[in-house]
1. Please report B:32, B:75 as a ranked list, fewest other C-beta atoms within 10 angstrom at the top and most at the bottom.
2. Using every alpha carbon pair in region A:26-94, what percent of pairs falls into each 10 Å bin from 0 up to the bin containing the largest distance?
3. What share of all Cα pairs of the protein assembly as shown, in percent, falls into each consecutive 10 Å distance bin?
4. Can you grab the distance from the C-alpha centre of region B:107-148 to the C-alpha centre of region A:142-181, Å, no decimals?
5. Can you give the relative contact order of chain A as a percent, counting alpha carbon pairs under 8 Å and 6+ residues apart?
6. Please compute the alpha carbon radius of gyration of region B:22-171, then divide it by the globular-protein estimate 2.2 N^0.38 Å. Two decimals is fine.
7. Using only the C-alpha atoms of region A:36-194, find the volume of their convex hull and express it per residue in Å³.
8. Once Rh is set to the Kirkwood radius over Cα pairs, what Stokes-Einstein translational diffusion coefficient, in µm²/s, holds for region A:137-194 at a temperature of 25 °C and a viscosity of 0.890 mPa s?
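Since every read-out is calculated from the coordinates, none of them should be taken as a lab result. Note that the structure is predicted; figures quoted are calculated from it, not measured. Positions of Cβ are generated from backbone atoms using ideal geometry, with glycine treated the same way; all protein chains shown enter the neighbour counts.
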């Protein structure tokens, strides 16, 4: 998934009190714990080192949690290898009863400052016939990315737009309306992950 | 998906890695692990380089770089440079816990001075907000900040940095 670098800036936002990034980080992890507690799980684990001057010598263990029955990837958690209570990254996928991914959450911290996420996202997914799309919001609702793939009216569709590239011209292209017109814009209800 | 976030993170790293400032640091008072108060002026701006490392006893890279810093200090403490440690709590960056720091210093045979601090006080001697640990601030012989670096350092990195600056300062 393509993402856009954006440092979090707390700006005024009317009629909605977003949780703090740190609260969101904890909330995504709590949702992960809630999901795996309710299901039979299979896990895969990988270890690694970070690169880059500031991150050098920090190591991680990344665990992917799959639901045994469906095979769905429920979450991925990247923990500090030496201090596993420090969560560097959590991703959580939410599926509907039919097994479709309907939203996913993510929170990313830097290993040398692991309490404050530098990236938060709420992805809302939408399905229209053979099209699957999602729109990525950050914790203040800013759209950072849109993606759609599938087929519409017999033609292949693949749309991948960074937030800065979403404009009148790019949204007038073939398939855009079919991809995104029916998508919920109510990201705020998921600012507290559930 | 995670790989992309790390790409984003690595770009942020690039912004943090090293910054250079020239402003002299104000005097700051901190306690050591025995509870004795020290002024920064005891350590910086006294004709030698001071390598100040901000670290946390639970921060994995901090633990790994300690032998490098200790080796550098041992080689230069009577000459051109000294190491000064300022401990903070990790990961909160709040006030360092004296017992934890004392145990760490004993376990790792830390021979350079270690003071107890926090992120707030770092802004007074570090010239910027504390972005993470370990962070190294190198003060020149006059006590001005020559470089600030977030992330691990090696003895060789410090040696080369100081040699370069000393070389540049030579007429």
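1. B:75, B:32
2. Cα pair-distance distribution for region A:26-94, in percent: 21, 48, 25, 6, 0.
3. Final binned percentages: 5, 21, 26, 20, 14, 9, 4, 0.
4. Each part's Cα centre sits 49 Å from the other's.
5. That works out to 18 percent.
6. Details: Rg = 14.1 Å, N = 150, 2.2 N^0.38 = 14.8 Å.
It is 0.95.
7. 148 Å³
8. D, rounded to a whole number, is 194 µm²/s.
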